[in-house]
Amino acid sequence: MSINFSDIKIEVKGIKVDPKLFTFKFSCLCNGECCHYGVYADLKEYERIISIKDEIVELMDETQSTVVKDWFEDPIEDSDFDSGVAVGTQLVNGKCSFLDKAGLCVLQKLAMKKNLNKWEYKPYYCILFPLTIYEGILTIDDEHIDRLKYCNKYPVNGESIFEQCKEEIIFIFGEDGYETLLNHKKEILEKFNSSKENEA
């Protein structure tokens, strides 16, 4: 009998965690392909980005719009965001308004230029991908992965998305939360491998 992931309950720091993170194989060889579709930002993240608009404009190239009103869509209500409001980034020339022609995010470039954490200005859900939080559960953004041409299409090793996204998971939960998930991983993999042996 195969393992029933719905029977496994994991929660770290108030966020439920999909156990499939420990068994879903993943690798990333693309150059910002996921960014071509844009991302939803929390209202507070949107306001912070707007507050540094002049610095952002300085780093943009000819494929991007320096007109601030071109950067974001209209706000919508969304309970998965802390403020309860999400603001999507617009697509400019077929890619996120903040993605330059080299496939680099100008928000990240600005943070690094200022010797800050590279994710200082990036929206939370942008940092998370290929993970996402849906209805309070940290899970795999497989819907977005599946529509991309290169993301996870050419796996180069047998690592799980949990291993590949260590940096992102530590960003969410901290080192202690990551260690907690490592313990869960051991338990999940034992059950998973046992179920595969029983099916053989």
- Message: Can you show me the helix-derived [θ] at 222 nm for the chain, built from DSSP H runs with n ≥ 4 at -39,500 (n - 2.57) apiece and divided by the number of residues, rounded to the nearest 500.
- Response: -10500 deg cm²/dmol
- Message: Considering only C-alpha atoms, what is the centroid distance from the range 70-94 to the range 23-62, in Å?
- Response: 12
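Hey, what did the chain get for relative contact order, percent, Cα under 8 Å, at least 6 apart?
Numbers: 284 pairs, mean separation 65.3, N = 200.
Value for the chain: 33 percent.
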- Per-residue Cβ contact counts at 10 Å, fewest first, order C96, C35 as C35, C96
- Query: Taking the highest mean first, how do the peptides 79-88, 121-130, 59-68 order by number of other beta carbon atoms within 10 angstrom per residue?
  - Reply: 121-130, 79-88, 59-68
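A 21 angstrom limit on the alpha carbon distance is what I want to check against. Which of K44/K69; K20/K95; K25/K118; K20/K109 exceed it? Provide the component values of the computation, followed by the final result.
Working: K44/K69 17 Å; K20/K95 30 Å; K25/K118 26 Å; K20/K109 32 Å.
Too far apart for the 21 Å limit: K20/K95; K25/K118; K20/K109.
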- Note on the structure: A correct fewest-to-most ranking of Y40, Y178 by other Cβ atoms within 10 Å would be Y178, Y40
- Extended-chain gain in nm, criterion 0.36 nm per residue less alpha-carbon gap, E190 and A102: 27.4 nm
- Only Lys, Arg, Asp and Glu count, each charged at its Cβ (+1, +1, -1, -1), so figure out the dipole size of the range 35-127 about its Cα centre, rounded to 20 debye. 460
- Task: Please state the charge dipole magnitude for the chain, taken about the Cα centre, from unit charges on C-beta atoms (+1 on K and R, -1 on D and E), reported in debye and rounded to the nearest 20.
- Result: 520
- Lys/Arg +1, Asp/Glu -1 at C-beta; the range 53-133 dipole; positive extreme among G88, T63, P75: T63
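Read-outs throughout are calculated quantities, based only on the coordinates presented, and are distinct from any laboratory measurement. This structure is a prediction, so every number in the text was calculated from the model and none was measured. Quick reminder, even Gly has a Cβ in these numbers, built from the backbone with ideal geometry, and neighbours come from all protein chains shown.
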